[in-house]
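The values are calculated or read from the model by the stated rules, or taken from the named source; none is laboratory data. Keep in mind the model is a prediction, meaning the values are calculated, not measured. Cβ coordinates were reconstructed from backbone atoms using ideal geometry, including for glycine residues, and neighbour counts include every protein chain displayed. Just the protein is used for accessible areas: all its heavy atoms, side chains included, with ligands, DNA and RNA removed. Shrake-Rupley method; radii C 1.70, N 1.55, O 1.52, S 1.80 Å.
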Amino acid sequence: AQSVTQLDSQVPVFEEAPVELRCNYSSSVSVYLFWYVQYPNQGLQLLLKYLSGSTLVKSINGFEAEFNKSQTSFHLRKPSVHISDTAEYFCAVSEETGGFKTIFGAGTRLFVKA
Amino acid sequence: DVKVTQSSRYLVKRTGEKVFLECVQDMDHENMFWYRQDPGLGLRLIYFSYDVKMKEKGDIPEGYSVSREKKERFSLILESASTNQTSMYLCASSRTLYEQYFGPGTRLTVT
């Protein structure tokens, strides 16, 4: 059965510093991987996704994530964060054979300080 | 612009009450989902639906039921609300496996 582990529940970081939010998953079949972001008092929205092809995927606002099959990881990175990146970030996985069911991690709260 | 709306942002109900949470999407999506979100637990799937009048149990269906009479509307029902159902409830819809669109959430408090 698939599962998703986000290793950090909270990540405080200063503005303009780099950040990495870690995500590991377990699955015995091929997977699709996602990062969703939830800003305060809002629903989740898709930040980026890995379906196939290049293992490095990027969002329009400077985040990137790399699919590492051997380490079963999909860590999210940004070289320089802004105050506006303060939000909760959820890693999620869907199995190719799992229908439309997506499993979400527990979330990582990113807090960017001035 | 895609949109998923939920009937209430905040709701306070008493123990034992029957509670209806409504979700409407305007994207003609076949798939709709209800999750609950709790601190430290992330999102947990309650029920989902592939089509009108079809429903499937998720990971935590106990104490909940759903209804999908029209393609655009998916309702979550708490037959007899209990305090352990105090949570944030999120509705989502999707056409494919690749992306779910979420509503703003309903924060339900059961006293």
All strands (runs of 3 or more DSSP E) inside segment A:33-114 with 1 or more residues being within 14 Å of chain B (Cβ to nearest Cβ): A:45-50, A:56-58, A:87-95, A:102-104, A:108-113
Write out, first by first residue and then by second, each pair whose Cβ atoms fall under 9 Å of each other, whose residues are 6+ apart or on separate chains, and whose first residue, in segment B:7-30, is at positive phi while the second is open to solvent by less than 90 Å² (accessible area, probe 1.4 Å) and aliphatic (A, V, I, L, M). B:16/B:81
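Tell me which residues, restricted to segment B:23-35, are buried (at least 17 other Cβ atoms within 10 Å of the Cβ) and either touching a Cys at 6+ places or on another chain (Cβ under 9 Å) or at the interface with chain A (Cβ under 10 Å from one of its Cβ atoms) (or both).
Looking only at segment B:23-35, we keep the residues that are buried (at least 17 other Cβ atoms within 10 Å of the Cβ), and these are B:23-25, B:29, B:31-35.
Passing the criteria: B:23, B:24, B:25, B:31, B:32, B:33, B:34, B:35.
Inside segment A:59-114, can you point out the residues that are among the basic types (Lys, Arg) and either more than 13 Å from the chain's Cα centre (by Cα) or loosely packed, with under 13 Cβ neighbours inside 10 Å (or both)?
Scanning segment A:59-114 gives A:69, A:101, A:113.
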Quick one: in segment A:47-58, which of the residues that are within 13 Å of the chain's Cα centre (by Cα) and of a type outside the set (A, V, I, L, M) is most open to solvent (accessible area, probe 1.4 Å)? A:58
Result of the Cβ filter at 9 Å on segment B:88-111, keeping first residues that are facing chain A (nearest Cβ under 7 Å) and open to solvent by 30 Å² or more (accessible area, probe 1.4 Å) and partners that are in a strand (DSSP E or B) and of a type in the set (A, V, I, L, M, F, W, C), at least 6 apart or interchain, is B:98/A:34; B:98/A:46; B:99/A:34; B:99/A:46; B:104/B:4; B:104/B:90
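Search segment B:1-11 for residues being in a loop (DSSP other than H, G, I, E, B) and not acidic (Asp, Glu), and hand back the single one that is least open to solvent (accessible area, probe 1.4 Å).
Going through the qualifying residues, I end up with B:8.
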Looking only at segment B:36-51, which residues are among the aliphatic types (A, V, I, L, M) and either within 11 Å of another protein chain (Cβ to nearest Cβ) or surrounded by fewer than 14 Cβ atoms within 10 Å (Cβ to Cβ) (or both)? B:41, B:43, B:45
Take segment B:52-87 and flag every residue that is away from every other protein chain (no Cβ under 14 Å), among the β-branched types (Val, Ile, Thr) and surrounded by fewer than 18 Cβ atoms within 10 Å (Cβ to Cβ). B:52, B:77, B:83, B:86
